[in-house]
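The values are calculated or read from the model by the stated rules, or taken from the named source; none is laboratory data. A quick note: this is a predicted structure, and the numbers were derived from the prediction, not measured. In this analysis, Cβ positions are derived from the backbone assuming ideal geometry, glycine residues included, and neighbour counts consider all displayed protein chains. These area figures cover heavy atoms from the full protein model, side chains too; ligands, DNA and RNA do not enter into them. Shrake-Rupley method; radii C 1.70, N 1.55, O 1.52, S 1.80 Å.
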Amino acid sequence: KTKYSNLIFRKSDAVPEELHQMVQEGFLALRKHNCFFQDLVRIKGKDFVTPVSRILIGNPGCTYKYLNTRLFTVPWPTEGYDIKYCSPQIHDACKALIKLNDYLHVEAVNALQGQNLFQTEEMKDTTVIDREQNFAASLTEKESVSKDQSSCGVPEDDYISLKNRTSYNVTLLNYMDPLQMLYLKQEPYFGMGNMAVSWHHDENLVERSTVAVYNYSCEGSIADESNEQDVKGRDPAVWHVGLKVAWDIETPGLAIPLHQGDVYLMLDDLNVTHQHCVLAGSSPRFSSTHRVADCSRGTLEYIFGQCKLALQNLQTGSDSTALSLKSLEPAVVKQVEEIHNEVEFEWLRQFWFQGKRYLKCTDWWLKPMAKLEEFWRKMEIMTSLVLSELGKKEQIEKQRKETISSVLLVLTERQKLRKEWAVR
C-alpha cells in the first residue's frame, strides 16, 4: 500500500465485454497479417534483436523512440486524415485500439481522482482541494471539459497538465510466444523465473504521465488448471508483470498474474520511481501499452518545422536554378547543419532501416518521407555551398575560421554516423 500505491489493477470483468471482443479480434487480425515485428535496437553501441515483436499504433505523424530505435505509428482512424489500410481487418484493429485508448484515458482520470494526485504540498487548503476534485470529476465527461473549462473553475495550466498526463497518443503493441524463444533470462533479484522483458523504465514519456496496459494472454486449459493449484511463488504457466522499487532490492518485488483482459495502470511518477519487467508464461501473449509519448521532437509537424527553418537560409536566383546561401554567420550555418543531421539520422535512416515493414499495414508514411528526402537533398546542396564559400580566397580569414569551427564537429559527427549506419 505504501511502496506500490501508484499501481492500479483492474480485473477483466471491469472492462466492457464488447470492447474485449473488438480488441482481442484486432490482436489476432494483426498477427494474421504479420504486422508484429522484432526490433533491432542499439544498447551501448551493440545491436540486439528484441525477443518481443511489436507494432506502434497511434496519432498520425507520431513516433516513439526507445533504445535508439524510432518507431513510426501505423495511424489509427483519425478525422481529417486520409489513411488507407492494406485490409479492412487492419482498419478494424486500429479502430478497436483507439476505442480502447479512449476507455483507458477515462480509467486513468478516475484512478488519479481516487488517488487524490491532484493535491500538492503547496495546495492544502479546502478550497483548492475541492476545486481540484471537482475538476477531476468533470474530466470524466471529456466532451464538456474541452468546450468549457470555466465551468469547472480550474486554471488553464492545471487543465493542460492533467490532459498531457492522461491523453495517450500512441500504443505500443507487444506479441510474444515463449515456446518460440530458445532462451529467456532469469529474473536476477527475487527468483521470479523467466523474463520476456527485463527490468526497465519506459522511455520517451511526458513527465509523470500514466502508462495503461491491456493484457491478452491466450490461455488454454493447462494454464487455467494450474491457477487453481496451490503453487508456492508465482505460477510459471501464467504471465505476470513484475515491479520493484528502482535501485532497491531490499523492498520485496511484486509479481502480479495477468489473465485475459486484465488491465493495470502505472500512475504519476511510478515509471520513474519503480522499474517493471514482464515475466513469461507458457502461452502466447499480446499487450497494448498506452503511453503519452513525448513528441516535442518526434512528430512530422516538428521535423517539417525544422526543415522550414533550415531552408530559410537557401536563396534561389532569378532563373530558379542558381542557389546561394543568404548568410554565412557561424550560428546560422551550424543550426542548418544540425537540422541536416537530425533529418538524416533521426528520421530518414531510422525509417528506411526498418520502415518498409510498415507497408504491410499502410502506405501513409511514404508521402511525408518523400517530402523529407526533398528537404534533405536541398540541405546536401547547402552543405556543398558552405564548403565552396569557405574555399574562396576573398573570404576573410577570421570569419572563415569561425565558420569552420562551428560546423566541423557537426560534419565530423555526420561522417561517423554514416559509417555506423552503413555497418548496421
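Before moving on, here are some points about what is shown:
- The set of residues in segment 15-28 being buried (at least 19 other Cβ atoms within 10 Å of the Cβ) and of a type outside the set (Phe, Trp, Tyr) consists of Val15, Val23, Gly26.
The rows are residues; the columns are (1) without any contact (Cβ under 8 Å) to a residue 24 or more places away in the chain; (2) of a type in the set (Val, Ile, Thr); (3) open to solvent by less than 50 Å² (accessible area, probe 1.4 Å).
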site	(1), (2), (3)
Ser288	no, no, yes
Gly298	no, no, yes
Ala331	no, no, no
Asn341	no, no, yes
Asp363	no, no, no
Lys367	yes, no, no
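- Considering residues of segment 34-71 that are part of a loop (DSSP other than H, G, I, E, B) and on the phi < 0 side of the Ramachandran plot only, the residue most open to solvent (accessible area, probe 1.4 Å): Asn59
- Glu402 open to solvent by 60 Å² or more (accessible area, probe 1.4 Å), closer than 14 Å to His340 by Cα and touching a residue at least 40 places away in the same chain (Cβ under 8 Å): no
- Contact map, segment 39-68: residues that are free of Cβ contacts under 8 Å to residues at least 24 places away in the same chain paired with residues that are open to solvent by 20 Å² or more (accessible area, probe 1.4 Å), Cβ distance under 7 Å, separation 6+ or inter-chain. Pairs shown: Val49/Gln38; Val49/Leu40; Thr50/Gln38.
- When we screen Pro88, Pro75 for residues that are out of contact with any Phe, Trp or Tyr (no Cβ under 9 Å at 6 or more places or on another chain) and in the same structural domain as Ser209 (by the TED database), the only hit is Pro88.
- Scanning segment 164-182 for residues that are over 14 Å from the mean Cα position of the chain (by Cα) and part of a loop (DSSP other than H, G, I, E, B), we see that the one that is farthest from Lys65 (Cα to Cα) is Leu182.
- Which numbered condition Cys218 fails, given (1) modelled with pLDDT of 95 or more; (2) open to solvent by 10 Å² or more (accessible area, probe 1.4 Å): (1)
- All positions within segment 72-109 that are open to solvent by less than 20 Å² (accessible area, probe 1.4 Å), within 18 Å of the chain's Cα centre (by Cα) and among the aliphatic types (A, V, I, L, M): Val74, Leu97, Leu100, Leu104, Ala108
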